[in-house]
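Taken together, the values in this text are just the output of simple stated rules run on the coordinates, not laboratory data. What you are looking at is a predicted structure, and each value in this text was computed from that prediction instead of being measured. When we count neighbours, we look across all protein chains shown, and the Cβ atoms used for this are built from the backbone with ideal geometry, even at glycine.
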Amino acid sequence: MENIELAIEICQQVLEVQTSQATPIQWANTMMNLATAYANRVRGDHAENLKRAIETYQRALQVQTRQVMPVQ
């Protein structure tokens, strides 16, 4: 449980430096990791965590398209 909270905190810190404009692939990967952490989060309201996960996945997928990242 603490590992997920740490992962969320670290992803949020990384996203203070990475931007979708400057480092789009790295930003999208970090957003996907953050979304996965929210989806697996035990702490807090389950429905709210899933909502955050979905929103974060959707934001990442705006950058992580088939054209830009066909393998992923």
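Just name the residue that is surrounded by the fewest Cβ atoms within 10 Å (Cβ to Cβ) out of those in segment 41-68 that are of a type in the set (A, V, I, L, M, F, W, C) and part of a helix (DSSP H, G or I).
Only one residue tops the list, namely 47.
Are any residues in segment 11-38 within 11 Å of the chain's Cα centre (by Cα) and either over 17 Å from residue 65 (Cα atoms) or not in a helix (DSSP H, G or I) (or both), and if so, which ones?
Across segment 11-38, the qualifying residues are 11, 12, 14, 15, 34, 36, 37, 38.
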Practice problem: Identify all residues within segment 16-25 that are surrounded by 16 or more Cβ atoms within 10 Å (Cβ to Cβ) and free of Cβ contacts under 8 Å to residues at least 40 places away in the same chain; write none if there are none. | Solution: 18
Self-check item: residue 38, sole failed condition from (1) hydroxyl-bearing (Ser, Thr, Tyr); (2) touching a residue at least 12 places away in the same chain (Cβ under 8 Å); (3) surrounded by fewer than 16 Cβ atoms within 10 Å (Cβ to Cβ)
Solution: (3)
